[in-house]
Every structure is written in structure tokens, then in C-alpha cells.
Amino acid sequence: MSPVPEDHVAGAGRRPADSAGRPVYRRSIGVESVMADDDHLRVTGHLRDERPPMDGDGPEQPMVVHDMSLSLTVRIADLVVVDVVADMSAFPHTECPLITSRFAHLIGVPVRRGFSRELNRRLGGVAGCSHLVEIARSIAPVVTQSMLSGRVPIRRDPAEPAEPSRLPVGSCHLWQPDGVAVRKLGAGWIPGTGPRPVPPLRVFTAGKRAGTTTGPPAADPVVKAAGPERPTP
């Protein structure tokens with residue numbers, strides 16, 4: 001295998017937005033979570049696809065190809081989906097919306113490790129809509145980040161154990177079962193509190209020895225994330 005050119009290593013100071021050219025297609029995905037009530041988180045994703053106008057296309061307005069949304073209501077106690085609403089405002093074929101009711105098959109699925117696999121099993125390929133599936137895939141990491149935001153009641157007291165099923169254990173190198181994030185929890189860290197990035201483990205272990213902890217921030221019921229991401233906190 002030939003070596004990677006030097007100017008391609010780690011981006012080498014380039015950004016994707018630096019690439020100039022004629023626009024062909026544009027996709028945007030936005031996801032927002034809110035507290036539906038004290039026991040449930042509602043996460044809604046919206047996908048919009050556009051074809052930008054090209055020379056000779058007439059009016060300078062993009063063609064909307066897809067405009068779709070998916071909302072999952074998740075029970076905070078175990079992160080299980082309890083309600084699903086799918087909607088299509090713009091779509092290429094008259095029959096496209098017929099698939100929306102099938103997304104109720106996500107009810108009962110826990111939104112944690114293995115969610116994408118179960119999503120593909122139930123709704124992947126001809127069983128669903130690839131665009132709504134993409135929204136669902138984007139919703140999963142927002143559930144994780146919402147639980148880590150300090151604005152959803154995982155725990156408010158460092159002495160109270162954090163329920164592992166509501167945390168992204170196993171999702172990345174920090175969240176190994178014996179990883180540094182889990183050890184910070186054991187030392188009193190409350191997700192969503194304190195400075196960002198979260199300080200090193202030694203800060204929490206020192207604070208625990210001294211009998212001090214960090215306090216939770218002021219509550220805010222809305223957590224936003226623009227664009228898709230992978231479920232890594």
C-alpha cells in the first residue's frame with residue numbers, strides 16, 4: 001500500500017469547506033431533544049435534501065427533494081423508545097409516506113449500544129425508508145449526549161450511583177467498562193457539570209479525598225445538536 005501523501009495527513013490544515021465547485025446536492029440533518037415530562041425525553045430529527053439551482057434552471061430556488069422528520073420519545077429510566085412519530089412533507093413518490101407507520105417498530109428498542117444494529121434489522125433496506133433510518137441513526141447519539149448534559153436526571157448527588165444502562169459504556173475508549181469516564185463517575189463526577197473538557201481523573205479523586213464535589217449547573221430543558229454524528233460522547 002502506498003503511503004498517504006504528506007499534505008493529506010490529518011487534513012494538513014485543510015477544511016472540507018475550502019473545496020470550491022458547482023453545487024450539486026445539499027443535505028442537512030438537525031436533531032433536538034427536549035424533556036417531554038419528568039420521565040421522558042423526546043428527540044426529533046429533521047432531514048432536508050435540496051438540489052441547488054444550476055445555470056439555465058430558471059428561478060434561483062432549490063428543488064426540495066426530501067423534507068422529513070422523525071420523533072422518538074424515550075423513557076429516561078431505561079432509554080427504551082415508547083412512542084414514534086414519522087412525517088414526510090416533501091418526497092419523490094406519492095407512495096413514499098405509506099412507510100411512515102412502519103417506524104412504530106422502533107417502540108420497545110433501547111437507545112444504547114446495539115441500537116443501530118437493531119434499527120437495520122427492523123427497518124433497513126426494503127423494510128423501511130433510508131432517509132428516515134438515517135434520521136433515527138442521527139437521533140441515537142443525541143440521546144446519549146442528552147443523558148450526559150446534566151439536564152436530564154441521571155443523578156444529582158455524587159453519592160447516588162449512576163445507572164449504567166443510561167450511560168454510553170462501551171461506546172469509545174473513554175467509556176470502557178473500566179475506563180477513565182467510568183472511574184470519574186465513581187470518584188463523584190456528575191455528567192454535565194463543571195468545566196469542559198472534563199478535568200483529569202486526579203482532580204476528582206483529590207476532591208473525593210478532600211470531601212468536595214462539583215455542583216450541577218442551572219437547569220435548561222433543551223439540548224441541541226446540528227447534523228449527524230456517531231454515538232460517541
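The values are calculated or read from the model by the stated rules, or taken from the named source; none is laboratory data. Predicted, not measured: the structure shown is a model, and the values here were computed from it. Heads up, the Cβs are rebuilt from the backbone with ideal geometry, glycines too, and the neighbour counts pull from every protein chain shown. In case anyone asks, the SASA skips ligands and DNA or RNA and just uses the protein heavy atoms, side chains included. Shrake-Rupley method; radii C 1.70, N 1.55, O 1.52, S 1.80 Å.
Any residue at all in the stretch 146-168 that is modelled with pLDDT of 95 or more and over 30 Å from Val24 (Cβ atoms)?
no
Which residues, taken from the stretch 99-119, are closer than 23 Å to Gly170 by Cβ, touching a Gly at 6+ places or on another chain (Cβ under 9 Å) and outside any loop (DSSP other than H, G, I, E, B)?
Leu119
Name the residue that is modelled with the highest pLDDT, counting only residues in the stretch 78-92 that are touching a helix residue (DSSP H, G or I) at 6+ places or on another chain (Cβ under 7 Å) and in a loop (DSSP other than H, G, I, E, B).
Phe91
Name the residue, out of Leu123, Leu72, Leu47, that is open to solvent by less than 20 Å² (accessible area, probe 1.4 Å), without any contact (Cβ under 8 Å) to a residue 40 or more places away in the chain and within 19 Å of the chain's Cα centre (by Cα).
The unique qualifying residue is Leu123.
Here is a check on your reading of the model: is Ala90 open to solvent by 40 Å² or more (accessible area, probe 1.4 Å), hydrophobic (A, V, I, L, M, F, W, C) and farther than 19 Å from Pro141 by Cβ?
Judged against the criteria, Ala90 is not a match.
Please enumerate the residues belonging to the stretch 54-77 that are touching a helix residue (DSSP H, G or I) at 6+ places or on another chain (Cβ under 9 Å) and either polar (S, T, N, Q) or within 20 Å of Arg137 (Cα to Cα) (or both).
Within the stretch 54-77, His66, Met68, Ser69, Leu70, Ser71, Leu72, Val74, Ile76 meet the criteria.
Does Glu95 qualify as being modelled with pLDDT of 95 or more and open to solvent by 90 Å² or more (accessible area, probe 1.4 Å)?
Here the answer is yes, as Glu95 does meet what is asked.
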